[in-house]
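Just below is one structure, and these are the notes that go with it.
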Amino acid sequence: MASSQVCHLVFYLVMCFLILCSCAFGRELKPAMYLFGDSFLDIGNNNYLTSGVKANYYPYGIDYIEGEPTGRWGNGKNSMDFLVEMLGVSSPQPSLSFNGTSNMVEEFLKGANFASGGAGILDTTYLEVYCIPLGQQVELFKEMVVATIEQIGIVQTYEHISNSFIVIDIGSNDITIVADITIDPEEYVALLISTLQPRLKDLYIFGGRKFVTISAGALGCIPILRGKTETGECHEQLNVIAKLYNKELASLMQVLQSQSSNGDLHYSFFDRYAGVKKLYDNRESLGFTEVLVACCGAGNFNGSVRCTPGTVPCSNRTDHIYWDNTHYTEAFTSLCMELAFQGSAPYVHPINVKQLGELPISYVNPVNVEQVKDL
Ligand SMILES: *[C@@H]1O[C@H](CO)[C@@H](O)[C@H](O)[C@H]1NC(C)=O
Ligand SMILES: *[C@@H]1O[C@H](CO)[C@@H](O)[C@H](O)[C@H]1NC(C)=O
Ligand SMILES: *[C@@H]1O[C@H](CO)[C@@H](O)[C@H](O)[C@H]1NC(C)=O
């Protein structure tokens, strides 16, 4: 065989190998979902913490697959589960279930949920209740991205992250902890937003390009807070703060998009306050007959005592808005997420989650590796 033919053959084999390789990776690197936040998204990270608040006992999960308590803070599926179904991505595992294991990168590529019940934007929020604050969630994500870059290379890593979904639901705990404190809403919200901004920027720098941002609900009306007011009315200051936070969070997303290179940061902002109000206003036609009292708990509105292990909850979970003193039922969460997925402004903007999912595949030019590692 002439040497040029050998060359051809070698070239051909190498090309085959590369194509096979890229196909294998292509199959692995389906868009995934990376989630950050509090108990509205947590699927069990807190179970891995030695101390801390957990939801891994009956009756949590009573309507989940086989009635299994997973650490989800509800009777069944949470927002993540609905987003996963609607976007057709695989269901992420809690980040702490595979952090530091030998197949960490492989697991990470399938998505990861960093959310932790009790977490806030501020590191000091629920410091006494051990959880993973947002800053640490983002740090762990960054560590996993760096490990992924080392294993599959920076281009493929960035391609994957940029085509995946970044879901954020944070801020509710920072708001509810000031229930008994007189505070200047403007100042407090400004602190939350200025603390949140660098975290979201980090997620962008590390490849995030498709954000689903879930804002605060009508926190003043959750059973734990209604139970605190003498008349059983909503806690007005908290609703004021929640609405202001949502307004500023929406502006922050707009600013981040305008600062992104060629506007390549895409997002879907769900105004949960407006969404909850819309559903509440239509409660009768939606079949919610118990809109104030939680399904599990005790005291005023079942709000003053948390749903404790072994408690037999209400029998009908589809006619309740609240599962426990803080969290919505699966039935209500499902309608919220449907609104985020298919709805329009003012509930979800500038595009809904469905439109976000339909955006074309993007190719991001990674910042250089050394820069990433130094961050
Ligand atoms: C993740 O794993 C690493 C390595 O085992 C460990 O040092 C780190 O503390 C873990 N992070 C969290 C948040 O548990
Ligand atoms: C539970 O509530 C839903 C919604 O109001 C209603 O349609 C259903 O019939 C109720 N189920 C039972 C067993 O009462
Ligand atoms: C309040 O909670 C208890 C269990 O803690 C439950 O049995 C009861 O049905 C709840 N009340 C309502 C109106 O859902």
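Please tell me if Q156 is in contact with a strand residue (DSSP E or B) (Cβ under 6 Å, 6 or more places away or on another chain) and more than 16 Å from ligand 3 (Cβ to nearest atom). It is false that Q156 is in contact with a strand residue (DSSP E or B) (Cβ under 6 Å, 6 or more places away or on another chain) and more than 16 Å from ligand 3 (Cβ to nearest atom). Scanning region 259-303 for residues that are modelled with pLDDT of 95 or more, small (G, A, S) and closer than 30 Å to K210 by Cα yields S268, A274, G275. Would it be correct to say that A55 is small (G, A, S), in contact with a strand residue (DSSP E or B) (Cβ under 8 Å, 6 or more places away or on another chain) and under 24 Å from V145 (Cα atoms)? No; evaluated as a whole, the condition is false for this residue.
Could you go through region 223-235 and let me know if any residue there is out of contact with any strand residue (DSSP E or B) (no Cβ under 6 Å at 6 or more places or on another chain), of a type in the set (S, T, Y), surrounded by fewer than 21 Cβ atoms within 10 Å (Cβ to Cβ) and not in a loop (DSSP other than H, G, I, E, B).
Within region 223-235 (the criterion being out of contact with any strand residue (DSSP E or B) (no Cβ under 6 Å at 6 or more places or on another chain), of a type in the set (S, T, Y), surrounded by fewer than 21 Cβ atoms within 10 Å (Cβ to Cβ) and not in a loop (DSSP other than H, G, I, E, B)), the answer is no, since none of the residues qualifies.
Restricting to region 114-144, name every residue that is within 19 Å of A179 (Cβ to Cβ) and either among the polar types (S, T, N, Q) or away from ligand 1 (no atom under 15 Å from the Cβ) (or both). The answer is G120, I121, L122, T124, T125, Y126, L127, E128, V129.
When you check Y12 against the structure, is it modelled with pLDDT of 95 or more and either surrounded by fewer than 21 Cβ atoms within 10 Å (Cβ to Cβ) or closer than 30 Å to N316 by Cα (or both), yes or no?
no
Within region 331-354, is there a residue that is loosely packed, with under 15 Cβ neighbours inside 10 Å, more than 14 Å from ligand 2 (Cβ to nearest atom) and among the polar types (S, T, N, Q)? Yes: region 331-354 contains one or more residues that are loosely packed, with under 15 Cβ neighbours inside 10 Å, more than 14 Å from ligand 2 (Cβ to nearest atom) and among the polar types (S, T, N, Q).
If only residues of region 105-124 that are modelled with pLDDT of 95 or more and polar (S, T, N, Q) are counted, the one that is nearest to S95 (Cα to Cα) is N113. Any residue that is of a type outside the set (D, E, K, R), within 16 Å of ligand 1 (Cβ to nearest atom) and closer than 15 Å to N45 by Cα - is there at least one of those in region 145-166? No, region 145-166 contains no residue that is of a type outside the set (D, E, K, R), within 16 Å of ligand 1 (Cβ to nearest atom) and closer than 15 Å to N45 by Cα. Looking across region 49-77 at every residue that is among the β-branched types (V, I, T) and over 18 Å from T326 (Cα atoms), the one that is modelled with the lowest pLDDT is identified as T50.
If you go through region 297-309 and keep only what is closer than 17 Å to W73 by Cβ and either out of contact with any helix residue (DSSP H, G or I) (no Cβ under 9 Å at 6 or more places or on another chain) or within 16 Å of ligand 2 (Cβ to nearest atom) (or both), you end up with V305, C307, T308, P309.
Of the residues making up region 312-334, those that are closer than 20 Å to D38 by Cβ and either more than 16 Å from ligand 3 (Cβ to nearest atom) or assigned to a helix (DSSP H, G or I) (or both) are E330, F332, T333, S334.
It is to be established whether one or more residues within region 249-260 are crowded, with 23+ Cβ neighbours inside 10 Å and at negative phi. Yes: region 249-260 contains one or more residues that are crowded, with 23+ Cβ neighbours inside 10 Å and at negative phi.
The single condition among (1) at pLDDT below 95; (2) in contact with a Phe, Trp or Tyr (Cβ under 7 Å, 6 or more places away or on another chain); (3) over 29 Å from F165 (Cα atoms) that P223 does not meet is (1). Residue check: E187 meets all listed conditions (1) in a loop (DSSP other than H, G, I, E, B); (2) closer than 16 Å to L238 by Cβ but one, namely (1). With respect to (1) of a type in the set (V, I, T); (2) under 19 Å from the mean Cα position of the chain (by Cα); (3) closer than 23 Å to D184 by Cα, the lone exception for I241 is condition (2). A count restricted to region 110-142 and to residues that are of a type in the set (S, T, N, Q), within 16 Å of I193 (Cα to Cα) and surrounded by fewer than 24 Cβ atoms within 10 Å (Cβ to Cβ) stands at 1. Taking region 281-305 on its own, how many of its residues are closer than 28 Å to L244 by Cβ and without any contact (Cβ under 8 Å) to a residue 60 or more places away in the chain? Residues flagged as closer than 28 Å to L244 by Cβ and without any contact (Cβ under 8 Å) to a residue 60 or more places away in the chain within region 281-305 amount to 6.
The values are calculated or read from the model by the stated rules, or taken from the named source; none is laboratory data. Small disclaimer: the values here were computed from a predicted structure and weren't measured. Ideal geometry is used to build each Cβ from the backbone, glycine not excepted, and the neighbour counts take in all protein chains shown.
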